[in-house]
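Just below is one structure, and these are the notes that go with it.
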Amino acid sequence: MNPIKRELLDLHRINHIDAEIFIDRFINTHWGKNILARIITGNSETMKDIAISKLNFYDIKYTIGNEWESTSKSFIDFLIE
C-alpha cells in the first residue's frame with residue numbers, strides 16, 4: 001500500500017501580497033493530480049483569509065486546522081482534483 005502524499009505550501013515569512021501568487025502557483029502546479037494539500041498559514045487571520053479566498057475562487061473544499069485538536073488552526077487542508 002502506498003502512503004498518501006500530501007503537498008505542502010508554507011506561507012511563513014511570505015508577505016500578504018506575495019501569498020496570493022504563491023497560492024495560485026501551488027494550486028495550478030498540482031491541478032488535476034488528485035492530491036491532498038496543506039497550506040500553513042500560521043496564526044495570521046489575514047493570511048487565512050487570503051488562502052480561503054483563493055480556495056473559494058478555485059471552488060476547492062477545505063478544512064481549517066485539525067478536527068481532533070481544536071486549538072490548532074494554523075493550517076488549511078484540502079484536495080486538489
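The values are calculated or read from the model by the stated rules, or taken from the named source; none is laboratory data. All values derive from a computational prediction rather than experimental measurement. Heavy atoms of the whole protein, side chains included, go into the accessibility calculation; ligands, DNA and RNA do not. Shrake-Rupley method; radii C 1.70, N 1.55, O 1.52, S 1.80 Å.
Quick notes
- Counting DSSP beta bridges with both ends in the chain, the antiparallel % (nearest 5): 65 percent
- For region 1-56, the solvent-accessible area with a 1.4 angstrom probe is 68 square angstrom per residue.
- For Phe75, distant residues with modelled amide H under 5 Å away: Thr41, Gly65
- Full extension of the chain between Ser53 and Trp31 gives 6.2 nm of extra length, using 0.36 nm per residue less the Cα-Cα distance.
- The chain, accessible surface, carbon-and-sulfur percent (1.4 angstrom probe): 51 percent
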